[in-house]
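Have a look at the structure below, then the notes.
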Amino acid sequence: MAAFHLEMKVNGELVAVDIDPGMRLLDVLREVLHLTGTKEGCGEGECGACSVILDGELVDSCLVMAPQAYGKEVVTIEGVAALGQLHPLQEAFIEAGAVQCGFCTPGMILAAKVLLDHNPNPDRQEIARAISGNLCRCTGYSKIIKAVEIAASRIKAEAGAASD
Amino acid sequence: MKKRGFGIGCMSYGIGNTGLPNPAGAFVDFLDDGTVIVLTGCADIGQGSSTILAQIAAETLGVAFEDVVVVAGDTGVTPDAGATSASRQTYISGNAVFEAARKARQEVIAGAAAVLGVPPEEINLKNGRVWHGEEPTSLSIKEVISKCRSEGILTLGHGWFNPATTRLDPATGQGIPYATYAFATQVAEVEVDTETGIVEVKRIVAAHDVGRAINPQNVEGQIESGCSMGIGYALLEEVVVKEGEIQNPAFSTYLMPTAMDVPEVYPIIVEELEPTGPYGAKGVGEPALVPTAAAITNAVADALGLRFYDLPLTPERVVAEIKKSREKKEDDGQ
């Protein structure tokens with residue numbers, strides 16, 4: 001099969017790779033670019049462990065064929081911490097004890113990031129809905145929801161301070 | 001119509017393997033820069049045992065938690081700790097690490113006693129320093145270890161623990177299956193839609209006797225997740241097997257709770273110290289899940305006046321039971 005020349009932006013950087021066009025975005029991220037923070041859980045779009053942000057939307061990267069990402073912008077968990085500084089969501093996850101085995105965590109943080117990017121003041125129900133496509137067996141979700149609440153209030157406070 | 005109900009579930013649960021020896025071992029090496037290496041076979045699968053074991057070592061040796069490195073679950077270098085199962089690792093590996101750290105601590109205390117010229121029993125290790133009674137001395141733990149090393153004395157220890165159990169008598173079933181037990185009571189509030197049969201859990205209050213909560217946030221996490229699994233057990237999760245083949249081997253057909261299914265859980269930690277536990281700790285892993293389905297089923301019975309004997313309480317089952325009870329009432333001419 002002829003290779004597909006894939007050009008996309010990953011975590012702010014232009015990437016050009018020649019790949020098998022049958023590859024999933026998940027495979028390109030993990031196997032070609034070695035961004036292994038994105039996890040493969042079920043491989044059929046049900047668990048959300050492979051969530052990434054594609055042009056601002058949360059997607060299951062196991063359900064996106066790699067050529068579909070051509071010319072688009074992908075954010076993985078590796079791109080969330082800007083310049084080595086943890087994102088408020090990452091800090092809040094640590095602080096609230098929202099990480100147990102950690103397998104769902106990258107997807108959870110990206111799902112929460114998409115929520116907060118669109119809605120800086122989510123209530124508990126909105127947070128639960130936003131992360132409901134990401135399954136977690138360890139935490140019971142309580143501390144994850146709390147972490148998103150903490151991060152939302154911090155981001156708001158920072159934005160308030162910056163505009164003063 | 002939506003009906004509300006409350007239900008209670010209570011449980012006791014043995015910590016460790018039933019009526020069998022199930023020891024765990026550990027090594028603790030107190031290095032001359034004041035940091036500590038703990039070697040344990042205890043596999044941390046997300047429940048936080050490596051954090052707990054580091055806390056136990058730090059507390060025993062009088063150093064900061066951040067100065068403890070835990071090497072866990074590596075069969076190349078770590079001693080056997082048995083399985084991460086049976087809610088046993090805090091209690092059993094916790095005791096092994098405590099014992100190993102206690103021995104390393106004795107070496108440091110002996111060295112410090114020689115330097116200060118006071119009896120070892122008057123010496124304590126706290127915040128990285130050597131204390132004489134209630135007063136800190138000018139001597140740091142690091143300095144004592146350096147001195148020990150210069151004299152060829154290593155400050156390390158090993159420990160192991162096996163809970164005191166007996167095998168159960170095959171004829172009578174009697175014996176001592178567990179060295180200690182966890183206890184818990186949970187209360188669930190539910191709302192049942194009598195048209196659709198959907199049971200919604202509104203709140204769970206979960207009180208757990210865990211002995212000492214070595215890391216309260218971690219214990220809360222275990223309780224909250226146990227309640228979430230219990231909601232799945234009560235309302236959603238069912239392995240459908242037909243002629244030996246599982247019919248629902250996917251998350252879209254075997255439903256487990258999402259964030260939308262889990263209500264606010266209010267964990268209450270009850271610290272009834274266990275004399276044989278490390279700093280009084282027992283375990284919380286499985287106990288967190290045990291009473292949840294009973295509490296929810298009792299709450300549904302409270303709401304509907306109907307008893308269910310099969311889990312999960314799927315909408316289909318609930319509607320069928322409501323229909324059956326209506327028909328029975330009609331037959332009885334009520």
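The values are calculated or read from the model by the stated rules, or taken from the named source; none is laboratory data. Note that the structure is a prediction, hence the values are computed from the model and not measured. Every residue, glycine among them, receives a Cβ derived from its backbone with ideal geometry; neighbour counts consider all protein chains shown. The area values use the complete protein model at the heavy-atom level, side chains included, leaving out ligands, DNA and RNA. Shrake-Rupley method; radii C 1.70, N 1.55, O 1.52, S 1.80 Å.
What Kirkwood hydrodynamic radius, in Å, does chain A give when the mean of 1/r is taken over all pairs of distinct Cα atoms and then inverted? For chain A, inverting the mean 1/r across all distinct Cα pairs yields 16.3 Å.
Within a straight-line Cα-Cα reach of under 24 Å, A:Lys156 can be paired with the following lysines, leaving aside sequence neighbours fewer than 8 residues apart in one chain: A:Lys113, A:Lys143, A:Lys146.
With a cut-off of 14 Å between beta carbons, the residues surrounding A:Leu115 carry a summed charge of -1, where Lys and Arg count +1 and Asp and Glu -1. Calculated mean residue ellipticity at 222 nm for chain B: -9500 deg cm²/dmol, from DSSP H runs with n ≥ 4 weighted as -39500 (n - 2.57), summed, divided by the residue count and rounded to 500. Pairs of Lys residues in chain B are counted when their Cα atoms are under 29 angstrom apart and they lie 8 or more places apart or on different chains; the count is 21. Mind checking Rg over Rh on the range B:1-80, alpha carbons, Kirkwood formula for Rh? Here Rg/Rh amounts to 1.24. Annotation: the protein assembly as shown has a Kirkwood hydrodynamic radius of 25.9 angstrom, from the mean reciprocal C-alpha pair distance.
The alpha carbon radius of gyration of the range B:64-103, expressed as a multiple of 2.2 N^0.38 Å, is 1.24. Assign one of three labels to the range B:148-250, namely rounded, prolate or oblate, based on the Cα gyration tensor with a ≥ b ≥ c the square roots of its eigenvalues; rounded applies when a/c is under 1.5, prolate when it is not and a/b is larger than b/c, and oblate otherwise. Here the range B:148-250 falls in the prolate category. What's the longest uninterrupted piece of chain B once you rule out the trypsin sites (Lys or Arg not before Pro) that are loop residues per DSSP with at most 14 other Cβ within 10 Å? It runs B:1-166. Helix B:315-331 and the longest principal axis of the C-alpha atoms of chain B enclose an angle of approximately 40°.
The label-point distance for B:Ile45 and B:Ala171, in a model that sets each label 7 Å from Cα toward Cβ, rounds to 3.8 nm.
At 1.4 Å probe size, with the rest of the protein present, what percent of the exposed accessible area of chain B is carbon and sulfur atoms? Carbon and sulfur: 54 percent of the exposed surface of chain B.
With Cβ to Cβ distances under 14 Å as the rule, what net charge do the other residues near A:Gly12 carry (K, R +1; D, E -1)? Don't jump to the answer; show the numbers that get you there.
Working: positive: A:Lys9, A:Lys72; negative: A:Glu13, A:Asp55, A:Glu73, A:Glu78.
So the environment of A:Gly12 carries a net charge of -2.
Under the Kirkwood approximation applied to all pairs of distinct alpha-carbon atoms, what is the hydrodynamic radius of the range A:4-79 in Å? The answer is 11.9 Å. Evaluating kT/(6 pi eta Rh) at 20 °C and 1.002 mPa s, with the Kirkwood radius of chain B over Cα pairs in the Stokes-Einstein relation, gives 94 µm² s⁻¹. Computed over the range B:24-161, the quotient of the alpha carbon radius of gyration and 2.2 N^0.38 Å is 1.05.
What is the mean number of Cβ atoms from other protein chains located within 10 Å of the Cβ atom of each residue in peptide B:221-230, rounded to a whole number?
Across the residues of B:221-230, the mean count of other-chain Cβ atoms within 10 Å is 5.
The H on the amide N of B:Lys126, modeled in the peptide plane, is under 5 Å from the matching H of B:Trp131, each at least 5 residues off or on a different chain.
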